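Here's the structure we're looking at; comments come further down.
The values are calculated or read from the model by the stated rules, or taken from the named source; none is laboratory data. Note that the coordinates shown come from a computational prediction; the quantities given were computed from them, not determined experimentally. Cβ coordinates were reconstructed from backbone atoms using ideal geometry, including for glycine residues, and neighbour counts include every protein chain displayed. For accessibility, only protein heavy atoms count, side chains too; no ligands or nucleic acids. Shrake-Rupley method; radii C 1.70, N 1.55, O 1.52, S 1.80 Å.
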Amino acid sequence: SGAIEIAKVITAFDSIKPIKWIKVHNLPDHVFFSHAQHVGSGGITCKECHGNVEEMNVISQVSDLSMGWCLNCHRSKKVNILNNRFYSDYKGIAEKIKKGEIDSVTVNMLGGRDCMKCHY
């Protein structure tokens, strides 16, 4: 049961002290990652990278989060750029979709293999 974990939350709330979190997913300091970009604009669900968190008693890292793992997703993940404000700069690609010249867009087609998108 989660009674012990819930008690930690209640104690922290009552004492007005933050809960000490144990970080599970770590990326190197030289890697930039934006949840807003991936979840908000890209439509990635939490489960795709983090697994069935709601079913885990203790959170664990499911995906290795390696550069190869990210690049494989960028090569295969289809992106909805139509009516998506984040991708407004990609008007040429949006027009190709509308004309039927291409049927889908991957992150790779939007510069998803450009080193400087993730590394600085």
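Accessible area per residue was computed with a 1.4 Å probe on protein heavy atoms; Leu82 scores about 50 Å². When the chain is treated as a GNM with alpha-carbon contacts under 10 Å, the residue of Lys98, Lys47, Lys17 showing the greatest mean-square fluctuation is Lys17.
Structure shown: which of Lys23/Lys77; Lys23/Lys96; Lys23/Lys91; Lys17/Lys78 lie over 32 Å apart, alpha-carbon to alpha-carbon? Distance filter (> 32 Å) returns Lys23/Lys96; Lys23/Lys91; Lys17/Lys78. Lys47 sits among other residues whose Cβ lies under 15 Å from its own Cβ, and their net charge, with Lys and Arg +1 and Asp and Glu -1, is -2. Normalising by residue count, the stretch 49-91 has a Cα convex hull of 114 Å³ per residue. Of Lys99, Lys77, the residue with the largest accessible area leads and the full order is Lys99, Lys77 (1.4 Å probe). Using only alpha carbons, the chain has a radius of gyration to Kirkwood radius ratio (Rg to Rh) of 1.10. Here the Karplus relation 6.51 cos²θ - 1.76 cosθ + 1.60, evaluated at θ = phi - 60°, turns the backbone of the stretch 78-93 into coupling constants of 8, 10, 8, 9, 6, 6, 10, 4, 4, 9, 5, 6, 9, 4, x, 5 Hz, with x for every Gly and Pro. Here the sum of -39500 (n - 2.57) over DSSP H runs of 4 or more residues, divided by the residues of the chain, equals -9500 deg cm²/dmol at 222 nm, to the nearest 500. Comparing Gly42, Gly92, Gly51 in a Gaussian network model of the chain (Cα springs below 10 Å), the most mobile by mean-square fluctuation is Gly92.
One-quarter of the Cα convex hull surface for the stretch 62-120, in nm²? If you wrap the Cα atoms of the stretch 62-120 in a convex hull and average its projections, you get 4.9 nm².
Multiplying the residue separation of Phe33 and Leu71 by 0.36 nm and subtracting their alpha-carbon distance yields 12.4 nm.
The HN-Hα couplings worked out from phi for the stretch 10-24 by the Karplus form 6.51 cos²θ - 1.76 cosθ + 1.60 (θ = phi - 60°) are 5, 4, 4, 5, 5, 8, 6, 10, x, 6, 7, 8, 9, 6, 9 Hz, whole numbers, x standing for Gly and Pro. The spacing between the stretch 25-94 and the stretch 95-115, judged by their C-alpha centroids, is 17 Å. Relative contact order of the chain: 26 percent, from C-alpha pairs under 8 Å at least 6 residues apart in sequence. Applying the Karplus relation 6.51 cos²θ - 1.76 cosθ + 1.60 with θ = phi - 60° to the stretch 61-75 yields 3J(HN,Hα) values of 7, 8, 9, 6, 6, 6, 4, x, 4, 4, 5, 4, 5, 4, 6 Hz, where x marks Gly and Pro. Between Thr106 and Val79, the built amide H atoms are under 5 Å apart, and every one of these is 5 or more places off in sequence or on another chain.
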